[in-house]
Amino acid sequence: MGNIFTRLLFEQPRILWNLLRMVNFWIVLLVDIGLVIFAHFLAYLVRFDWEISGELPRIISLLPLLTATKIVVFYIFGLYRGMWRYTSIADLKNIARAVTLSSGLVVMVVLYINRFAGFSRSVFFMDAVFTFLLICLHRGAIRYLLQNKDAISMASRSETRKKKRLLLIGAGTAAEKVIREITDNASVFYEVVGLVDDNPNKHGLKIHGIPVVGGVDRLRECIARTRAEEILIAVASASGEQMKRIVEACQRSRTAFKVLPSIGEIIKGKLSVTSMREIAYKDLLGRPVVHLDQMEIGRYLTGQTVLVTGAGGSIGSELCRQIIKFNPERIVLLDAGEENLYKIEMELRHEHHFHNYIPVLCKIQNQELLDRLFCRYAPSVVFHAAAYKHVPLIEANPWEAVFNNIFATKNLIETAIFHKTQRFVIVSTDKAVRPTNVMGASKRLTELLMLAYCQDQAGTAGGDAAGCREPESGADSSSQRTAFMAVRFGNVLGSSGSVIPLFKRQIEKGGPVTVTDPEMIRYFMSIEEAAQLILQAGAMGTGGEIFLLKMGTPIKIATLAHDLIKLMGYEPETEIKITYTGLRPGEKLYEELITEGEGIVPTRHEKIMVLHGDGRTHGEMGGLLEELASRAKAHDAQGIKEVLKKIMPEYVPDMKAQSIIGRDAAQE
């Protein structure tokens, strides 16, 4: 009640003063007054069979009260503050509420003054109906006139530019919105000439006057019949197989085609003709939209300081884009690469208009700087996405995986425990499962370190954790525990290490496309999906979990190359060759998601499972970690693999793989 009084006392006078200075306000107000009076006269004319001479005294006596009450209520309901060119269903509902309330107030006053003596009750009902219809008609007429004025003005400025004839594939909600936008937006130089849909029950029907002319199997006939110049795929919920079939039909038609954003992007409000784009490989995957528990994620991100390591990388930068939707207090962007850090900083500032970020150019091996960062900004949540991930490069430089993936993570974990960070999420990989390469082994060891620190925290009730600095005296031990968890998943499309950018460059140069083995299989998901599920898993963890993202059906890399060649308008093997080069050092034909002995348990989210493994304690690994560090400092490639094998018996190293300095340093 106090808020309403404040608005009436302070806000409404200021709004009214601004309106009084606008000519359009006076025009609309005067027309509304005339319509209110006309509606009342019309109600009497209908009620008394167009003979109202005997009722004129009553009509005239009531008009001041009727008009004043309705106009005041209309103003309070904001009927004079809208942008009339955008009148919508919501505005019509608002008009209905205003008319109902104002008519009710008039009836109450008349009832109170003379108990309806001499007044016909049906007149007041018809008056309300006619007022609603006339006011709606007035607003609709304003929208129509203004939009047509814009269209005429736009047409006069672009008479020489011809509109493209557009054929839509899909006759559902997405297509309806596209037709409506093209009709309403004169700056979009398209003309929808037909719809194509596989549902035979829709053939012959129309959406906003545009007919459904046939199915996808008769696409060429539909193009010839409508004389379409371009195709837009507007099937937001198509599966991967459906999308492949549609794309192949478009390619056979030899007509330019584009696609609307995915259903996930549409939910985020990006559905627009201006957002139509070239078809991408992720469209052929047909991954279903990710449903997130917004409230659960918001509880640990909203209003918090969040640190993202590797913030400029493919996963780290997408995490930042997803995190800002939950209104954190600030994001600390930590990256060792100057260019990547600058890119995500500029994107957050200029594209997403998010300014509460701290860019930090450093390596997480720098323990002193980490301490200063945590001391100054006190992050509540850490997403650790920084890591070396390229298998052949790490196989040739294994010590870098030890320094950057293992011991840098150890530094970060200890710093988080010391500074009482609430939640710590490690981005892991499916290559950590029964690893055959140093990169996978290093990521598996970070998972084991995470589990060991969880055990140490539980065992010491927040005390000194395996060499971690002593917490402040007198601190509440229960509040010191950091909830650690890891999220494990496979390949993401478009990431820095993905094969798709490589294949695209090879196709653009005329081939050949190089595939290591015809039987190589990998799991794939989009970067957006991976980041969203990482946030969801971070909300679900209580400490010590390894979350596993459901990757769907694995895809043969050779099939991926074949589809991508066709997607870019070429014929595989005839125009663009596919050559097989053999497995690279440390590579496996098949990636796995679960290590033997780990128990997999479904979670309440349909795309996330959780693995429970005991891991090893720091006491068991302490001496081996020291030996591993010593081998890495000596650039002893073989020695590094031997120590990793002692820590993780499931690791099967490729001893034939050569490091960049040839034989390991210990034997020189």
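Listed values, structure above:
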{"read-out": "Residues located in region 403-427, provided they are farther than 15 Å from residue 367 by Cβ, under 29 Å from the mean Cα position of the chain (by Cα) and either among the β-branched types (Val, Ile, Thr) or surrounded by fewer than 24 Cβ atoms within 10 Å (Cβ to Cβ) (or both)", "value": "405, 421, 422, 423, 425, 426, 427"}
{"read-out": "Subset of region 628-668 (residues that are of a type in the set (Ser, Thr, Tyr) and modelled with pLDDT of 75 or more)", "value": "630, 651"}
{"read-out": "Helices (runs of 4 or more DSSP H) fully within region 344-454 counting 2 or more residues that are under 25 Å from residue 297 (Cα atoms) and in contact (Cβ under 8 Å) with a residue 24 or more places away in the chain", "value": "367-377, 408-418"}
{"read-out": "Residue selected from region 534-557 under the condition of a type in the set (A, V, I, L, M, F, W, C) and under 11 Å from residue 522 (Cβ atoms), by the criterion surrounded by the most Cβ atoms within 10 Å (Cβ to Cβ)", "value": "557"}
{"read-out": "Region 551-577, subset part of a strand (DSSP E or B) and under 14 Å from residue 500 (Cα atoms), residue modelled with the lowest pLDDT", "value": "555"}
{"read-out": "Residue check, residue 474 modelled with pLDDT under 85 and either of a type in the set (Lys, Arg) or more than 27 Å from residue 650 (Cβ to Cβ) (or both)", "value": "yes"}
{"read-out": "Selection status of residue 68, over 18 Å from residue 30 (Cβ atoms), assigned by TED's automatic domain parsing to the domain that holds residue 30 and either modelled with pLDDT of 80 or more or among the small types (Gly, Ala, Ser) (or both)", "value": "no"}
{"read-out": "Close pairs from region 648-662: first more than 11 Å from residue 438 (Cβ to Cβ) and in a loop (DSSP other than H, G, I, E, B), partner modelled with pLDDT of 85 or more and among the hydrophobic types (A, V, I, L, M, F, W, C), Cβ under 6 Å, at least 6 apart", "value": "660/396"}
{"read-out": "Yes/no for residue 231 being not assigned by TED's automatic domain parsing to the domain that holds residue 553 and not in a strand (DSSP E or B)", "value": "no"}
{"read-out": "Search result, residues across region 410-427 that are touching a His at 6+ places or on another chain (Cβ under 8 Å) and either charged (D, E, K, R) or over 22 Å from residue 549 (Cα atoms) (or both)", "value": "412"}
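The values are calculated or read from the model by the stated rules, or taken from the named source; none is laboratory data. Fair warning: this is a prediction, and the values are worked out from it, not measured in the lab. As a convention, Cβ positions derive from the backbone with ideal geometry for all residues, glycine included, and neighbour counts pool all protein chains shown.
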